[in-house]
Amino acid sequence: MEVNEKRFREKQTIEVMVRMYCKDHHGTSGKLCDQCAEFLVYSHDRLDKCPFGNKKGPCRQCQVHCYKPAMRQRAQEVMRYAGPRMMRRRPVSAIRHLYKEVKHKVMKHKRADPDDK
Ligand SMILES: [Zn+2]
């Protein structure tokens, strides 16, 4: 898969999850609340800035800490809620794979990116 396409799909995956979470938790429809919109922009920005984006390694091997703590916590909430639901609604292997990638990326990194402090 081309890097750009992979990144695009990762963004789509995140957006689907954020929309699902926002709709059910914040009562929005079609439009994200400010908080979730901020998170989505942040997540997409992280992907754009991933220094390993042009290399072959998957995100689970990524050694860079992507999310600052506040955003990581938000990501965990969104994924905990939307992840399992998305699996049921869109049982597509590509989506499932991307979910694992994104989840791993967010969950496994323990140190904060110095730039984000
Ligand atoms: Zn929201």
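The values are calculated or read from the model by the stated rules, or taken from the named source; none is laboratory data. Predicted, not measured: the structure shown is a model, and the values here were computed from it. Cβ: placed from backbone, ideal geometry, glycine included. Neighbour counts: every protein chain shown.
Can you say whether LYS105 is surrounded by 12 or more Cβ atoms within 10 Å (Cβ to Cβ), more than 16 Å from the ligand (Cβ to nearest atom), at pLDDT 70 or above and not aromatic (Phe, Trp, Tyr), as far as the supplied structure shows? No; evaluated as a whole, the condition is false for this residue.
Within segment 1-34, being in contact (Cβ under 8 Å) with a residue 24 or more places away in the chain and either within 16 Å of the ligand (Cβ to nearest atom) or exposed (fewer than 12 other Cβ atoms within 10 Å of the Cβ) (or both) holds for ILE14, GLU15, VAL16, MET17, VAL18, MET20, TYR21, ASP24, HIS25.
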